[in-house]
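Novice: So that we are looking at the same thing, I have put the structure below in structure tokens.
The values are calculated or read from the model by the stated rules, or taken from the named source; none is laboratory data. Just so we're clear, the structure is a prediction, and the values are computed from it rather than from any experiment. Cβ coordinates were reconstructed from backbone atoms using ideal geometry, including for glycine residues, and neighbour counts include every protein chain displayed.
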Amino acid sequence: MIFKSAQVENYCKRPDLNIKAILVYGSNEGLISEYMQKFTKTVSENLQDPFAVAELDWEEIRNDVGALIGEYSAQSLMVGRRVVILKNGTDDLVKVLQGFMETSKSNSLLLVRGSENLNSHSALINYFNSESFLATVACYDDRGKDLILSVKQMLSENKLTYSQEAFDLLCSMMSNDRKSNLNEIDKLVTYVGNTRHFEVDDVRKVVYDASAGLVDDLCFCTFSGLKLQALKIVNYMLDEGIEEVKIIRSLLRHVTLLLEAKSLVEKGMSSAEAVKKTLSRKLFYRYDMAEAQISGWTKDRLFDVSELLYNAERDCKTTDFPNKEILTYLILTLVSAAAKQVKFVKFN
């Protein structure tokens, strides 16, 4: 059985005890966490109640199936129904569930948080979709109308009013991750306080522009040699319709900032001071990455990168070669060079 957002809300209001297990999966970590919490609360309002809530990790108990069966079948003398949360569910879980779930008399709810490798062809998803006593919830990035509806819902839950212009601006600055958006709206709620109303200026002062943040994240990951993160971000940006040339120009601006900072260091300023002088204060949480890049990249290499970026932009405009391929090759080249000279791997 497939749950859409409406079915999720209906289930959370009136839980169907015939549903023995729910699989939550997808790429939107914020939405996954939100739904997992909602489903858990249909059994226990106290998410930390050891008598009502049990957590297991499939990666850890794969060779001890009895641990899962035991937890699901266990009865508590302290509470009524129980919920078993199983993280990192993969396709090899299907045979285990088929072996006991269909005949089990337990009234426990099994919540499976799917592995990040699951997709629409996965056996686990197909199994949950095909059985009436099981349900799946796909959690992918909010887009278009879904994004607008999710923002409206968050504002309504916080009893906020707003002008249409302020709402449009807020939506344009949101990311496609539910958790990230909720954090930004929480900041807005705190900022407006008892007035419970916000306008355009309030949004501009408080809310982080996610689209601009993507550009910054790509630059910092690329010039720090973080291949997987950089490719994930650039692919996401392309899916969102951001042009390859604009992305290349953003990388070039980052090179310019690094060159400015290195010039200040050559004049006697410390790298920490140079970073604060050249980078926006809004990027304070990236200062350490910037310092590592200043130390790792030489001026000559940065000038070489500038030429590489100019050539890539020219190729995008004048050749028949796919722009996406040009950009991807460029990112891989920069990441490979950065990995050899920048001693920094942490990215949050």
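Novice: Name every residue in the range 300-322 that is touching a residue at least 60 places away in the same chain (Cβ under 8 Å) and farther than 29 Å from residue 269 by Cα, in order of residue number. Please lay out each step first, then the result.
Specialist: So in the range 300-322, the residues touching a residue at least 60 places away in the same chain (Cβ under 8 Å) come out as 309, 312-313, 316-317.
Selection gives 312, 313, 316, 317.
Novice: Shifting gears a bit: Restricting the range 1-29 to residues that are over 25 Å from the mean Cα position of the chain (by Cα) and assigned to a loop (DSSP other than H, G, I, E, B), which is surrounded by the most Cβ atoms within 10 Å (Cβ to Cβ)?
Specialist: The residue in question is 20.
Novice: Then there is this: Find all pairs meeting these conditions: Cβ atoms under 9 angstrom apart; at least six residues apart or on different chains; first residue within the range 276-299 and assigned by TED's automatic domain parsing to the domain that holds residue 253; second residue part of a helix (DSSP H, G or I) and of a type in the set (Asp, Glu).
Specialist: Final answer for the pair search is 277/260; 278/260; 280/216; 282/216; 283/216; 286/216; 286/217; 299/266.
Novice: Is it the case, given these coordinates, that residue 156 is more than 30 Å from residue 190 (Cα to Cα), at pLDDT 85 or above and surrounded by fewer than 20 Cβ atoms within 10 Å (Cβ to Cβ)?
Specialist: Spelling it out, it is not the case that residue 156 is more than 30 Å from residue 190 (Cα to Cα), at pLDDT 85 or above and surrounded by fewer than 20 Cβ atoms within 10 Å (Cβ to Cβ).
Novice: Do you know which residues across the range 35-65 are of a type outside the set (A, V, I, L, M), surrounded by fewer than 18 Cβ atoms within 10 Å (Cβ to Cβ) and not in a loop (DSSP other than H, G, I, E, B)?
Specialist: 37, 38, 41, 55, 57, 59, 60
Table: residues versus (1) among the small types (Gly, Ala, Ser); (2) under 15 Å from residue 5 (Cβ atoms); (3) part of a helix (DSSP H, G or I).
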{"position": "119", "(1), (2), (3)": "no, no, no"}
{"position": "128", "(1), (2), (3)": "no, no, yes"}
{"position": "132", "(1), (2), (3)": "yes, no, no"}
{"position": "150", "(1), (2), (3)": "yes, yes, yes"}
{"position": "170", "(1), (2), (3)": "no, no, yes"}
{"position": "188", "(1), (2), (3)": "no, no, yes"}
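Novice: Next up: Kindly evaluate residue 84 against the criterion of being under 12 Å from residue 112 (Cα atoms) and either touching a Ser or Thr at 6+ places or on another chain (Cβ under 8 Å) or not in a helix (DSSP H, G or I) (or both).
Specialist: Against the criterion (under 12 Å from residue 112 (Cα atoms) and either touching a Ser or Thr at 6+ places or on another chain (Cβ under 8 Å) or not in a helix (DSSP H, G or I) (or both)), residue 84 qualifies.
Novice: Mind listing whichever residues of the range 74-106 are surrounded by fewer than 13 Cβ atoms within 10 Å (Cβ to Cβ) and either at pLDDT 85 or above or touching a Phe, Trp or Tyr at 6+ places or on another chain (Cβ under 6 Å) (or both)?
Specialist: Of everything in the range 74-106, those that are surrounded by fewer than 13 Cβ atoms within 10 Å (Cβ to Cβ) and either at pLDDT 85 or above or touching a Phe, Trp or Tyr at 6+ places or on another chain (Cβ under 6 Å) (or both) turn out to be 78, 92, 95, 98.
Novice: Within the set of pairs 6+ apart or on separate chains, which have a first residue in the range 123-142 that is touching a residue at least 24 places away in the same chain (Cβ under 8 Å) and farther than 18 Å from residue 28 by Cβ, a second that is of a type in the set (Ser, Thr, Tyr) and in a helix (DSSP H, G or I), and C-beta atoms under 8 Å apart?
Specialist: Hits for this filter: 134/127.
Novice: Based on this model, can you work out whether residue 324 counts as farther than 16 Å from residue 219 by Cβ and over 25 Å from the mean Cα position of the chain (by Cα)?
Specialist: no
Novice: List every residue pair whose Cβ atoms sit under 8 Å apart, with the two residues 6 or more apart in sequence or on different chains, where the first one lies in the range 231-250 and is assigned by TED's automatic domain parsing to the domain that holds residue 312 and the second, anywhere, is among the basic types (Lys, Arg) and assigned to a helix (DSSP H, G or I).
Specialist: 238/324; 244/324; 245/317
Novice: Something else about it: Hey, residue 224 hits all of (1) at pLDDT below 90; (2) crowded, with 18+ Cβ neighbours inside 10 Å but one; which does it fall short on?
Specialist: (1)
Novice: Return the pairs, sorted by first residue and then second, in which the second residue is of a type outside the set (A, V, I, L, M, F, W, C), the first residue lies in the range 51-63 and is more than 14 Å from residue 88 (Cβ to Cβ), the beta carbons are less than 6 Å apart, and the residues are 6+ apart or on different chains.
Specialist: These pairs meet every condition: 51/76; 52/44; 52/82; 53/44; 54/71.
Novice: Ok, one more. Criterion first (in a loop (DSSP other than H, G, I, E, B), touching a strand residue (DSSP E or B) at 6+ places or on another chain (Cβ under 8 Å) and β-branched (Val, Ile, Thr)) does residue 32 satisfy it?
Specialist: no
Here is a yes/no grid of residues against (1) exposed (fewer than 12 other Cβ atoms within 10 Å of the Cβ); (2) modelled with pLDDT of 90 or more; (3) not aliphatic (A, V, I, L, M):
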residue: 262; (1), (2), (3): no, yes, yes
residue: 275; (1), (2), (3): no, yes, no
residue: 285; (1), (2), (3): yes, no, yes
residue: 293; (1), (2), (3): no, yes, yes
residue: 302; (1), (2), (3): no, yes, no
residue: 327; (1), (2), (3): no, yes, no
